[in-house]
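Read the structure below first, then the notes.
The values are calculated or read from the model by the stated rules, or taken from the named source; none is laboratory data. None of these values were measured; they are calculated from a predicted model. Note that each Cβ is placed from the backbone with ideal geometry, even for glycine, and that neighbours are counted across all protein chains shown. Note: areas computed on protein heavy atoms with side chains; ligands, DNA, RNA excluded. Shrake-Rupley method; radii C 1.70, N 1.55, O 1.52, S 1.80 Å.
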Amino acid sequence: MKHFTCTQTGETYPLTQTRWHSDQGALLDIAFHGSFDPDLVKTRPANMWRYREAIPIDSGADVVSFSEGMTPLIDLPWGGRSVQVKLDYLFPSGSYKDRGASVLMSHAKSLGVTQVVQDSSGNAGTAVAAYAAAAGIEAHIYIPASTSPAKQIQLAAYGAHIHAVPGTREQTADAALEAAASTFYASHVWNPFFYQGTKTFAYELCEQLGWQAPDTVILPAGNGTLILGAAIGFREMIDMGVIRHFPKLIGIQAANCAPLLRPFEQGSDHLAPYSGQPTYAEGIAIAAPKRGDQMIREIRNSGGTILAVEEAHIKEALIELCGLGQFVEPTSAAVLAGVSQYLQKHAAPDEHIATVLTGHGLKASQKIQKMLGLDR
Ligand SMILES: *Cc1c(COP(=O)(O)O)cnc(C)c1O
């Protein structure tokens, strides 16, 4: 049994439709209990499709893949101790968004779609453009005109049609929504197939730990594509009996754009109107995340929390990461600044903590040059 469910009414729809919202216009989830056999999985190539049976794409012929995933899990010295970090910047398009794009574009291919629309501040767009190119699907990507030149070049190089929209991230989304009225909407926010890909982050992490969950997993909280996907993955593994406990989820936001923080602290599930300030962490600069309520619920139910990091600490973390040989996007540095804050204020001495580096530094080299003062 697998189908779309409306997050408001519970109404269901077949997965074979190109739909991305319910008849009420609400977000969709996918009702599907993924499962796999760990003994079978370990005999397969080291990529995210080794959990094949847990990914709701029926025909192997539709799978669009570069054998991505099973990213390294390393011990990183951080905050006077060691944390385990998954190097998810090492994906073909340079960010973990490939997890979602691989599954979403496989779904599009299975439907016989020839054209997709997507909107993104950068990495989701480049990931969709890469997998669209591999699938022979035409990609129309809507981006804020302010998107970094490196990401725009990457999109163009993949052969995507770029639509640069002046104004805010929200105005870009509106322009894409208009185009999506007539074209398949490959949205990492709306389309729940994306999360069937990002859940493999949790599968890989637990497999790499010998089928155990860490105590705590610290992840970015922008649109929630990683944190919500990871939550799906952990829940499925508990249902399968593969792991025993659901880890505490810690969501990291930039203090300059932290719409989840206040509602979370006030015990509410509902986001209030919020306007943020610019931040180095462009990947999590999402003032009105569509799945914000879901993120708050998952984090609260896990016993975790939301932390907001200051710009100065993002910069410090970036300098420290680069000094350790990890050239990552400022957004990834924000997550590690969050790890520092967690270690100082919340962590128990023997707590097993895992986190992630999400995006490659080459995507933002000009910004990093300025942040590190290398242009002087
Ligand atoms: C998209 C992105 C994030 C976080 O986004 P979520 O949707 O909240 O998971 C973090 N880092 C990078 C580099 C990204 O591209």
Notebook entry, point to check: A334: within 16 Å of the ligand (Cβ to nearest atom), on the phi < 0 side of the Ramachandran plot, of a type in the set (G, A, S) and not in a helix (DSSP H, G or I), yes or no?
Noted result: no
Expected output for the range 157-172 (first residue farther than 17 Å from I137 by Cα, partner in a helix (DSSP H, G or I) and open to solvent by 60 Å² or more (accessible area, probe 1.4 Å), Cβ below 6 Å, 6+ apart or cross-chain) is V165/Q171
For F234, are the conditions met, namely being aromatic (F, W, Y), in contact with a Cys (Cβ under 9 Å, 6 or more places away or on another chain) and modelled with pLDDT of 95 or more?
yes
Scanning the range 59-88 residue by residue, those among the hydrophobic types (A, V, I, L, M, F, W, C), in contact with a helix residue (DSSP H, G or I) (Cβ under 8 Å, 6 or more places away or on another chain) and open to solvent by 20 Å² or more (accessible area, probe 1.4 Å) turn out to be V63, F66, M70, L73
With the first residue restricted to the range 237-262 and required to be in contact (Cβ under 8 Å) with a residue 12 or more places away in the chain and aromatic (F, W, Y), and the second required to be crowded, with 19+ Cβ neighbours inside 10 Å and assigned to a loop (DSSP other than H, G, I, E, B), Cβ contacts under 6 Å at 6 or more apart or on different chains are F246/S302
When (1) surrounded by 24 or more Cβ atoms within 10 Å (Cβ to Cβ); (2) in contact with a Gly (Cβ under 6 Å, 6 or more places away or on another chain); (3) under 24 Å from D39 (Cα atoms) are applied to I252, the one that fails is (3)
Quick one: would you say G125 is open to solvent by less than 20 Å² (accessible area, probe 1.4 Å) and on the phi > 0 side of the Ramachandran plot? no
